[in-house]
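Notes for the one structure printed next.
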Amino acid sequence: MEELPDTVIATQALTKRYRGGQLAVDGLDLTVPAGSVFGFLGPNGSGKTTTIRMLMGLIEPTAGSARVLGQPMPRSARAVLPHVGALIEGPALYGFLSGRDNLLRYDAADPTADPRTRRTRVAAALDRVGLTAAAGKKAKAYSLGMKQRLGLAAALLQPRRLLVLDEPTNGLDPQGMREIRSLIRELASDGTTVFLSSHLLDEIEQVCTHAAVMAQGRLITQGVVAELAAGVRGRLVVTTPDAGEAARVLKEQGAGDVVVIDDRVTAEPPDRDLADVNAALVKAGVRVRGFGVERASLEDAFVALTGEGFDVAG
Amino acid sequence: MSQDEAVLPGGAIEGARKAGGKVNPLWTFGLLRSELLTTFRRWRTLALLAVLAAVPILVGIAVKIETGDGGSMGGGGPQGGGPAFISQITNNGLFLVFTALAATLPFFLPMAIGVIAGDAIAGEANAGTLRYLLVAPAGRSRLLLTKYATTMAFCLVATLVVAISALTVGALLFPLGELTTISGTRISFAEGLGRALLIALVVAASLIGVAALGLFVSTLTNSGIAAMATTVGLLITVQILDQIPQLHALQPYFFSHYWLSFADLMREPVYWDDLVKNLGIQGLYAAVFGSAAWARFTTRDITA
């Protein structure tokens, strides 16, 4: 095998062109290291779900190859998928079955799942997502958040080596989001690799160790989250009651893109010692309350990479 | 599976699998069991069976009322071309079984099969549950076979529901006893009962073709309703075409052409020609549309 043994997902020039001619995924080279929580980021319509479907063997790639857990997909689907738990494009349930019966059915679909432990495993999965009390209720009576939890429970029916979670906190309230995020961290600390797609940048920033950014079917960047954000320069922030004067001084000192909002002046930091900039402000009689550089967020990184706002659909 | 294997790095599935406990080949039938349970617990399935069970009750009551006035029933099945069993019901309740099967086979039974078969794959795609079954991983061929086996089970259950309902109503409303075959010979009630069971099995087998056709249609679309409507539409079309004399060269290849041959089981000796042709046609449809469904389903992109 030519690839590194500690790579859980590896794609080479993975491409999908739909029958209409639309290029959904274009030459994707994705590498997901084992044990990482990998954030897969991109606006709606950027090809995230198509990529996930190709990785799960639901869609045949037009060109290129994908390996999951070291095996080619979709050819080795039956060997690979029992080790993979997936939540793809939101949960799908049998409304006329109870939550528990839904899980029993999904578990029965896996020929490697032991029927003798089925009920125990289903109960454990329900407990893990906090649905034990509602397990006997028909799934059509579930709220969106409960459905999302049940979908997550289906991914946790067996110990998995890889979890593929497509927008797992969709439809959850803030409390539910926190619970799911801490569940993801817990699973990751057990050694499960988590592949998490999201359009929520702060979510990726909170839980992920690695991230890849997609836009319009292409991979823009991938790497360690801290490094992605570090590649972008932070912004100089000055808090002062004399905002107008401060803005003038900052421009004078060579700062670009100066923005004044109430008593906050932000700017691209100039290429000189910031202590001199501060001294210049004070010398000009600006009463400085706060002075510092704000660390760049992943959103800044995204905007810097794509040159556009995040919510633009491809 | 233990927690240790969950942290194994990639590329070692076979090793993990060997260490993680044996996979029993019988576990693969868990899906079939789940499918049967799911299908027969659906409100819709139960409603279809209830409609089928009601047909013999209505026929039985109609015959009872008609003959209660002193008049005698005319010949001819209620669907027109059916065998003339109906006139015998007043003499022997067992004939209600044959009448009810003759009445439901042209439309009610295949329509019910069309609904179940048409919904089999398309309904799962529509609900989005198909993608979760496939990543479980159910395996495409295994899922398709399971769906087909379940549709067949429904054919049998549906036919037996009609037969048992008819037998019950027949026993309650009319006398039972020795009966006369179409050829005029007398057979005992026990043998008559045996023939009735055999006929029910042949009727169930007559539905294999529609089931395969419906399953194929079901793999073509992501809409359960569209698949059901198409299958039932095809059924009606074929039934109509089977009545047009100019098409008689094609008619032996229609899945419904030899359906009513089951009446030949009531001859003495049994006239096998058409019965065998019927089963042959059903086998042909199962092979052709089964392969087509497999070819389509195993290569298709699952985007729903």
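Annotations for the structure displayed:
- For segment A:1-35, filtering for residues that are under 25 Å from A:S189 (Cα atoms) and within 12 Å of chain B (Cβ to nearest Cβ) leaves 13.
- The residue that is farthest from B:G214 (Cα to Cα), among those in segment B:131-142 that are facing another protein chain (nearest Cβ under 8 Å) and in a helix (DSSP H, G or I), is B:V135.
- Residue in segment A:122-141 that is within 9 Å of chain B (Cβ to nearest Cβ) and either at negative phi or surrounded by 22 or more Cβ atoms within 10 Å (Cβ to Cβ) (or both) present: no
- The set of residues in segment B:175-190 being in contact with a Leu (Cβ under 9 Å, 6 or more places away or on another chain) and assigned to a helix (DSSP H, G or I) consists of B:F189 alone.
- Residue that is surrounded by 21 or more Cβ atoms within 10 Å (Cβ to Cβ), at the interface with chain B (Cβ under 9 Å from one of its Cβ atoms) and part of a helix (DSSP H, G or I), where the choices are A:R53, A:R100, A:R78, A:R118: A:R53
- Among the candidates B:P106, B:P175, B:P83, the residue that is closer than 23 Å to B:L49 by Cβ and modelled with pLDDT under 90 is uniquely B:P106.
- Yes/no for A:K147 being over 21 Å from B:V135 (Cα atoms), assigned to a helix (DSSP H, G or I) and within 14 Å of chain B (Cβ to nearest Cβ): no
- Failed item, numbered, when A:V32 is tested on (1) assigned to a loop (DSSP other than H, G, I, E, B); (2) touching a His at 6+ places or on another chain (Cβ under 8 Å): (1)
Let's see how each residue does on (1) of a type in the set (V, I, T); (2) touching a residue at least 60 places away in the same chain (Cβ under 8 Å); (3) more than 23 Å from B:T221 (Cβ to Cβ):
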{"residue": "B:L235", "(1), (2), (3)": "no, yes, no"}
{"residue": "B:Q243", "(1), (2), (3)": "no, no, yes"}
{"residue": "B:F254", "(1), (2), (3)": "no, no, yes"}
{"residue": "B:V270", "(1), (2), (3)": "yes, no, yes"}
{"residue": "B:D274", "(1), (2), (3)": "no, no, yes"}
{"residue": "B:R296", "(1), (2), (3)": "no, yes, no"}
{"residue": "B:D301", "(1), (2), (3)": "no, no, no"}
{"residue": "B:A304", "(1), (2), (3)": "no, yes, no"}
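- Yes/no for A:A92 being within 7 Å of chain B (Cβ to nearest Cβ), under 27 Å from A:T51 (Cβ atoms), buried (at least 21 other Cβ atoms within 10 Å of the Cβ) and touching a Leu at 6+ places or on another chain (Cβ under 6 Å): no
- Positions within segment B:185-211 being more than 19 Å from B:L109 (Cα to Cα) and in contact (Cβ under 8 Å) with a residue 40 or more places away in the chain, in sequence order: B:T185, B:I187, B:F189, B:G192, B:L193, B:R195
- Of the residues B:A229, B:A205, B:A211, the single one that is in contact with a Cys (Cβ under 7 Å, 6 or more places away or on another chain) and at pLDDT 90 or above is B:A211.
The values are calculated or read from the model by the stated rules, or taken from the named source; none is laboratory data. Here the structure is a predicted model, which means the values were calculated and not measured. Cβ: placed from backbone, ideal geometry, glycine included. Neighbour counts: every protein chain shown.
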